[in-house]
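A quick write-up on the structure given underneath.
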Amino acid sequence: MSILVDNQTIAICQGFTGSQATLHCSQSIEYGTNIAAGVTPGKAGQIHLNLPVFENVSQAVKETGADTSLIFVPAPFCKNSINEALDSELKLIIVITEGIPTLDMLYLKAKADELGVRIIGPNCPGVITPGQAKLGIMPASIHSKGKVGIVSRSGTLTYEAVDQTSQIGLGQSSCVGIGGDPIPGSSFIDILEMFEQDPETEGIVMVGEIGGTAEEEAAEFIQEKISKPIVSYIAGVSAPPGKRMGHAGAIISGGKGTAEDKFNALEKAGVRIVKSPADIGKAIFEEINS
Amino acid sequence: MNLHEYQAKFLFKDYGLPVSKSELIFHESDIDQAVSKLNVDSFVVKAQVHAGGRGKAGGVILTKKKEEIRDFCQKWLGTNLVTYQTDEKGQPVSCILLEECTDIETELYLGLVIDRSSRSIAVIASPDGGVDIESVAENSPEKIFKVFLDSTNKIKEEEIKKLSEGLQLNQSQNLEFSSLIKNLIKLFVDKDFSLIEINPLVIDNSGKLNCLDGKINVDGNALYRQEAINGMRDESQEDALELDASKWGLNYVTLDGTVGCMVNGAGLAMGTMDIIKLSGGFPANFLDVGGAVNRESVTEAFKIIVSDSKVKSILINIFGGIVRCDIVAEGIVSAMQDIGIQIPVVVRLKGNNSDIAKKILEKSKLNIFSETDLTLAAKKAVDLSK
C-alpha cells in the first residue's frame with residue numbers, strides 16, 4: 001500500500017518533449033515508474049525516450065490504459081492541458097508547472113471536484129512512493145521505502161524532510177508536494193486523510209508555510225480525524241508581512257497567515273511542532289517510537 | 001503587481017463604475033490645464049503612490065485654491081511620500097490625481113478578493129467604510145457581509161440583495177449597486193485581479209454611489225495575457241534590488257538583518273531564515289535562486305546580497321537533488337573570485353557529490369566555511385555576523 005501512485009500506476013506525460021519533462025521523465029523511468037507514453041501537440045508519431053508521442057491525451061489514454069498524467073506544460077498553455085486531462089477519464093493529474101494564473105486554477109479545481117478527479121499541484125515537486133513509482137522532479141537518491149508519509153507546500157523543504165527520515169532509518173511510505181500556489185488542486189486535508197487510511201504510513205510529516213489558512217483548516221481536521229502521530233514545521237516565522245516569499249501563496253496579508261497562528265493551531269490539535277526544519281526527522285522518530 | 005489609484009479609477013470608469021471627474025498632473029506645467037478642464041469649485045489633490053495611509057502623511061488635501069494645488073504639487077512631485085505602510089525612505093511621487101471634491105454622506109466598504117479557503121471569489125461589503133477593514137472585521141464582525149461566487153464567477157440576485165441590505169442602501173441605490181457590483185466582478189475576472197478594494201465607496205449628498213478610492217492587486221502569474229495592465233506597471237514603486245533580482249529569475253526580498261542568504265527553493269529559503277533567527281542571528285534577505293543553480297545565477301545572487309551593506313556573513317544552503325553539488329561548488333568559487341567577495345561565506349551543500357564539493361570549497365583558499373549540518377552551518381554564519 002501507499003497513496004496516489006504505486007507500481008500499478010500507468011502514467012503519461014503532457015509536455016513530454018520539453019527539456020524539463022525529458023530530464024525528469026528519464027529519471028522516473030530509470031526509477032522503474034511505468035510511464036507509457038507522452039503527449040505533445042504537433043509531435044504525434046515521434047518516439048521520445050523510447051516511448052510513443054501522441055497528439056492529445058485521450059488518444060494516449062486509449063492506447064496505453066493510463067490512469068495518471070504528469071504535466072510539465074508551460075503556464076500559458078497549462079489550463080488547456082489540465083482541462084484536456086480532466087476530460088480524459090484519468091484518476092490523477094500531477095501538475096509540476098509553476099506560474100498558472102489563479103483564476104485558471106479556480107476554474108480547474110471546481111471542474112476536478114465535479115468530476116471526482118484528483119489534481120496534485122500546481123507548482124509542486126510531484127509524488128513519489130519509494131521503491132514503486134516516482135512522478136515528479138524530486139531526487140530519487142534521498143528516498144527510501146518506509147513508514148513516514150510526507151506532505152508539503154514546498155519542494156526543497158520536502159527533500160529536507162525526506163533526507164532526515166531516510167537518515168534516521170524510518171523511510172517514507174509516500175511523499176506528496178501539494179505546491180506553493182494560493183489555489184492548490186489538493187489540500188493538506190485531502191492528503192492527511194489518505195495517509196490515515198494507508199496501513200504502511202505510521203507517522204506523518206506535514207510541512208506548511210506562511211500564507212492562507214490551509215494549516216489551520218488541517219489542524220481542525222487532525223483533531224477530529226487523524227489518529228497517527230504528526231510532526232509539523234511551518235516555514236516563515238521570520239518572514240515580514242505583505243511580502244511574497246517566492247511562492248505565489250506565501251504571503252502574510254491583513255495579519256492573516258502567520259507562522260505563529262499556524263503553529264498554535266497545530267499544537268492545539270495535538271501535533272508535535274518543530275521550530276527548526278533541521279529537527280523534523282528526530283521528532284517524527286520520537287513520535288513513532290514513543 | 002499593484003496599480004495606482006488613478007489607474008484603478010481609469011479601469012472603474014472604463015467598466016461603467018461611478019468615479020469623480022479627474023485630471024492627472026505629472027509636471028507643474030500640467031496644473032493650469034488640469035484645473036481649467038475640471039472646472040469645479042473645490043478639489044481633492046492626491047499624491048499617487050503604492051501605499052495606504054496617504055491622508056495622514058500629508059499626501060492628500062482638499063482645497064478651493066489653485067495656489068494650494070501648485071504648492072502641493074511643488075512639494076510632492078519628485079519627492080518621496082512616507083506613510084505608515086512604507087519604509088523610512090517612502091515611495092516616490094511622480095503623479096498627482098486632481099479630482100472634483102465629493103460631499104460625503106456615508107462611507108462604505110466594498111472589496112473583491114480570491115478566497116483561498118472557499119476557493120472562490122469573495123465579495124466583501126461593510127457599512128463601516130473609510131477605515132481599516134481588518135479592524136472592522138476584528139471589532140464588529142456583524143458589520144461585515146460576504147458572498148462567495150460560484151464557479152461561473154457570476155453574482156446571484158439574492159447575493160446582491162444580501163450585500164445591499166448589509167450596506168443599508170435605499171431603492172435607487174440598490175439599482176446602482178447592482179450594476180456596480182456586476183461590472184466590478186467582470187473587471188476583476190477580465191483582468192486577472194487578485195484583489196480590488198473600494199474604501200471608501202461613498203454615498204454623496206445627492207444620494208449617489210461613488211468609488212472614492214481604488215486599490216488593485218493583479219495576479220502576477222497572469223501578466224503574460226494582460227498586456228494593457230502590464231503596461232501600467234510602475235517599477236519606481238518597487239524595491240530596486242528586488243526588481244533587479246527578478247530580472248535574473250531570482251526571488252529576493254530585503255530584510256533588515258546581517259546574515260545574507262542564498263538558497264534553492266522558496267520553502268527552504270524561508271526555513272533557512274528561520275534557523276538563522278533560532279540561532280540568535282538576523283537574516284538580511286530571502287533569496288531563492290530557483291531550480292537551476294548555475295554559475296550565472298550564483299554570481300548575480302552574490303552581487304545582490306553584497307549590495308546590502310548590512311550583510312556581515314553569507315549562508316548558502318543548497319539542497320542538490322537534480323543539480324550536482326560539485327558543480328554548484330565550482331559556481332560558488334568562481335563567482336566569489338569574479339566579484340571579489342571578502343565577507344565570510346558558510347556553505348551547506350547537501351545531495352549528490354557533496355564530498356567532492358567540500359574538497360573544491362576547501363581547496364579554493366577563499367573565505368569559505370563548508371558545513372553539511374544545517375544547524376551547525378546556521379550557527380557558524382550567525383557567529384561570523386557578530
Taking A:ASP181 as meeting all but one of (1) in contact with a Ser or Thr (Cβ under 6 Å, 6 or more places away or on another chain); (2) buried (at least 24 other Cβ atoms within 10 Å of the Cβ); (3) within 12 Å of chain B (Cβ to nearest Cβ), write down the number of the exception. (1)
Those residues of segment B:95-115 that are open to solvent by 60 Å² or more (accessible area, probe 1.4 Å) and touching a helix residue (DSSP H, G or I) at 6+ places or on another chain (Cβ under 7 Å) come to a total of 1
Scanning segment B:25-68 residue by residue, those farther than 24 Å from B:ASN199 by Cα and hydrophobic (A, V, I, L, M, F, W, C) turn out to be B:PHE26, B:ILE31, B:ALA34, B:VAL35
Is it true that some residue in segment A:241-249 is open to solvent by less than 40 Å² (accessible area, probe 1.4 Å), without any contact (Cβ under 8 Å) to a residue 60 or more places away in the chain, more than 8 Å from chain B (Cβ to nearest Cβ) and not hydroxyl-bearing (Ser, Thr, Tyr)? no
Does B:LYS146 count as free of Cβ contacts under 8 Å to residues at least 60 places away in the same chain and surrounded by fewer than 16 Cβ atoms within 10 Å (Cβ to Cβ)? no
Just checking, does segment A:73-95 include any residue being at pLDDT 95 or above, in contact with a Phe, Trp or Tyr (Cβ under 7 Å, 6 or more places away or on another chain), within 12 Å of chain B (Cβ to nearest Cβ) and within 30 Å of B:MET1 (Cα to Cα)? yes
Can you tell me which of A:LYS79, A:LYS91 is among the basic types (Lys, Arg) and under 29 Å from A:SER144 (Cβ atoms)? A:LYS91
May I ask you to list the residues in segment B:218-250 that are within 11 Å of another protein chain (Cβ to nearest Cβ), in contact with a Leu (Cβ under 9 Å, 6 or more places away or on another chain) and not in a helix (DSSP H, G or I)? B:VAL218, B:ASP219, B:LEU250
Looking only at segment B:337-352, decide whether some residue is under 31 Å from the mean Cα position of the chain (by Cα) and under 19 Å from A:PRO277 (Cβ atoms). no
Has segment B:78-96 got at least one residue that is over 22 Å from the mean Cα position of the chain (by Cα) and either at positive phi or at pLDDT 95 or above (or both)? no
Of everything in segment A:251-268 that's of a type in the set (Gly, Ala, Ser) and modelled with pLDDT under 90, which residue is farthest from B:VAL113 (Cα to Cα)? A:GLY255
Within segment B:265-282, identify whether any single residue is part of a strand (DSSP E or B) and modelled with pLDDT of 95 or more, and answer yes or no. no
From (1) more than 14 Å from chain A (Cβ to nearest Cβ); (2) closer than 24 Å to A:CYS124 by Cα; (3) open to solvent by 50 Å² or more (accessible area, probe 1.4 Å), pick out the condition that doesn't hold for B:LYS208. (2)
Residues in segment A:7-45 that are within 14 Å of another protein chain (Cβ to nearest Cβ), more than 13 Å from A:PRO74 (Cα to Cα), of a type in the set (A, V, I, L, M, F, W, C) and within 18 Å of the chain's Cα centre (by Cα) total 1
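Can you tell me which residue within segment A:144-162, out of those that are crowded, with 24+ Cβ neighbours inside 10 Å and more than 9 Å from every other protein chain (Cβ to nearest Cβ), is nearest to A:GLU202 (Cα to Cα)?
Filtering segment A:144-162 for residues that are crowded, with 24+ Cβ neighbours inside 10 Å and more than 9 Å from every other protein chain (Cβ to nearest Cβ), the one nearest to A:GLU202 (Cα to Cα) comes out as A:VAL148.
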Looking only at segment B:4-46, and only at residues there that are acidic (Asp, Glu) and assigned to a helix (DSSP H, G or I), the one that is farthest from B:VAL60 (Cα to Cα): B:ASP14
Members of segment A:19-42 that are open to solvent by less than 30 Å² (accessible area, probe 1.4 Å) and not hydrophobic (A, V, I, L, M, F, W, C): A:HIS24, A:SER28, A:THR33, A:GLY38, A:THR40
Entirely in segment B:307-386, the helices (runs of 4 or more DSSP H) that have 3 or more residues that are open to solvent by 10 Å² or more (accessible area, probe 1.4 Å) and closer than 28 Å to A:LYS282 by Cα: B:354-363, B:374-384
Can we say A:LEU70 is touching a helix residue (DSSP H, G or I) at 6+ places or on another chain (Cβ under 6 Å) and modelled with pLDDT of 95 or more? no
Across segment A:128-143, what is the number of residues that are within 13 Å of chain B (Cβ to nearest Cβ) and at pLDDT 95 or above? 4
Quick check on this structure: which one of B:SER246, B:SER194, B:SER236 is within 30 Å of B:GLN173 (Cβ to Cβ) and either among the hydroxyl-bearing types (Ser, Thr, Tyr) or open to solvent by 60 Å² or more (accessible area, probe 1.4 Å) (or both)? B:SER194
Filter pass, A:SER227 being among the small types (Gly, Ala, Ser), touching a residue at least 12 places away in the same chain (Cβ under 8 Å) and either within 27 Å of A:CYS78 (Cβ to Cβ) or within 12 Å of chain B (Cβ to nearest Cβ) (or both): no
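Taking B:VAL147 as the residue in question, decide whether it is under 27 Å from the mean Cα position of the chain (by Cα) and at pLDDT below 90.
Criteria not met by B:VAL147.
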Keeping to segment A:105-123, report how many residues are at negative phi, within 12 Å of chain B (Cβ to nearest Cβ) and open to solvent by 10 Å² or more (accessible area, probe 1.4 Å). 7
Kindly indicate the residue of segment B:251-263 that is open to solvent by 10 Å² or more (accessible area, probe 1.4 Å) and in a loop (DSSP other than H, G, I, E, B) and also farthest from the other protein chains (Cβ to nearest Cβ) among those meeting that condition. B:THR258
Which one is most open to solvent (accessible area, probe 1.4 Å) among residues in segment A:250-290 that are within 10 Å of another protein chain (Cβ to nearest Cβ) and of a type in the set (Lys, Arg)? A:LYS256
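The values are calculated or read from the model by the stated rules, or taken from the named source; none is laboratory data. Because the structure is predicted, anything quoted here is derived from the model rather than measured. So basically every Cβ, Gly included, is an ideal-geometry build from the backbone, and we count neighbours across all protein chains shown. Side chains included, ligands, DNA and RNA excluded: accessible areas come from the protein's heavy atoms. Shrake-Rupley method; radii C 1.70, N 1.55, O 1.52, S 1.80 Å.
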